[in-house]
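The values are calculated or read from the model by the stated rules, or taken from the named source; none is laboratory data. Quick caveat: nothing in here was measured; it's all calculated off a predicted structure. Here the Cβ positions follow ideal geometry from the backbone for every residue, glycine too, while neighbour counts run over all protein chains shown.
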């Protein structure tokens, strides 16, 4: 998928993710966070920051860009389920635009589990980056 | 620990030493070689990681309230963040919870880089 065939409204190929303890620990290791703040009454829960990263596999698996740069994310949290939750990440191309020689794309991303929406994210990246050199 | 809800109340600061978890992603902007070709000092720490620092501060301050339904986060990245260059994350309450806003506190957050420049900022809301 590229800028020619990824017009607004184009769906991205959904994928399934399990927010298990290993995945949460991997996320926390990358962000340098302790696990304690996400433990509630002995139960580990999904860090909201993980939702911000849900776009990665969704977009890189379908939308072609090489040296993309993330510029913004708008996250709405509906719930952060317990570790072990299986979720589906889906989304679509929302808009594409150019600014100062850079090409931008905005995606809608939705994370759902068996009980409904966990989070919705509007994610914007530069997919055609002009050189800063 | 009481949660910060009064207007002008401060959150943080939180000092973080960034890690570039995507440095091995060859040909991407996180790859040192590619980033330098594009005019950057080195591989960029992923934007989601940098935005996540502000979510972390919200978690530290509001705990499960931040993870509950109705919380929101609007974050923007302004400058590259590089591995090993310490950043500071802080926030300020800009709207206190009240009956008029459904007991929602609004926070302005920022990530300040090692050159004392704002690298990312966000506005977050949380029911309290």
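Looking only at residues in segment B:14-30 that are farther than 12 Å from residue B:83 by Cβ and in a loop (DSSP other than H, G, I, E, B), the one that is nearest to the chain's Cα centre (by Cα) is B:29. The lone criterion from (1) surrounded by fewer than 23 Cβ atoms within 10 Å (Cβ to Cβ); (2) under 17 Å from the mean Cα position of the chain (by Cα) left unmet by residue B:111 is number (1). The number of residues in segment A:33-51 being assigned to a loop (DSSP other than H, G, I, E, B) and at the interface with chain B (Cβ under 9 Å from one of its Cβ atoms) comes to 3. Has segment B:17-31 got any residue that is in contact (Cβ under 8 Å) with a residue 40 or more places away in the chain, buried (at least 20 other Cβ atoms within 10 Å of the Cβ) and more than 17 Å from residue B:119 (Cα to Cα)? Taking every residue of segment B:17-31 in turn, none turns out to be in contact (Cβ under 8 Å) with a residue 40 or more places away in the chain, buried (at least 20 other Cβ atoms within 10 Å of the Cβ) and more than 17 Å from residue B:119 (Cα to Cα).
Checking segment A:7-22 against the condition returns a match, with at least one residue being on the phi > 0 side of the Ramachandran plot, in contact with a strand residue (DSSP E or B) (Cβ under 8 Å, 6 or more places away or on another chain), more than 14 Å from chain B (Cβ to nearest Cβ) and loosely packed, with under 13 Cβ neighbours inside 10 Å. The residue that is farthest from the other protein chains (Cβ to nearest Cβ), counting only those in segment A:83-102 that are surrounded by 14 or more Cβ atoms within 10 Å (Cβ to Cβ) and more than 22 Å from residue B:74 (Cα to Cα), is A:88. Residue-level analysis places residue B:84 among those that are more than 7 Å from every other protein chain (Cβ to nearest Cβ), surrounded by fewer than 16 Cβ atoms within 10 Å (Cβ to Cβ) and under 18 Å from the mean Cα position of the chain (by Cα).
State whether the residues of segment A:119-127 include one that is farther than 21 Å from residue A:60 by Cβ and within 13 Å of chain B (Cβ to nearest Cβ). No; the residues of segment A:119-127 include none that is farther than 21 Å from residue A:60 by Cβ and within 13 Å of chain B (Cβ to nearest Cβ). Filter segment B:65-78 for residues that are over 27 Å from residue A:130 (Cβ atoms), facing chain A (nearest Cβ under 7 Å) and at pLDDT 95 or above and give the result. Of everything in segment B:65-78, those that are over 27 Å from residue A:130 (Cβ atoms), facing chain A (nearest Cβ under 7 Å) and at pLDDT 95 or above turn out to be B:66, B:67, B:71, B:72, B:73.
Being part of a helix (DSSP H, G or I), within 13 Å of another protein chain (Cβ to nearest Cβ) and either under 13 Å from the mean Cα position of the chain (by Cα) or closer than 20 Å to residue B:73 by Cβ (or both): is that true of residue A:58 here? For residue A:58, the condition - part of a helix (DSSP H, G or I), within 13 Å of another protein chain (Cβ to nearest Cβ) and either under 13 Å from the mean Cα position of the chain (by Cα) or closer than 20 Å to residue B:73 by Cβ (or both) - is met.
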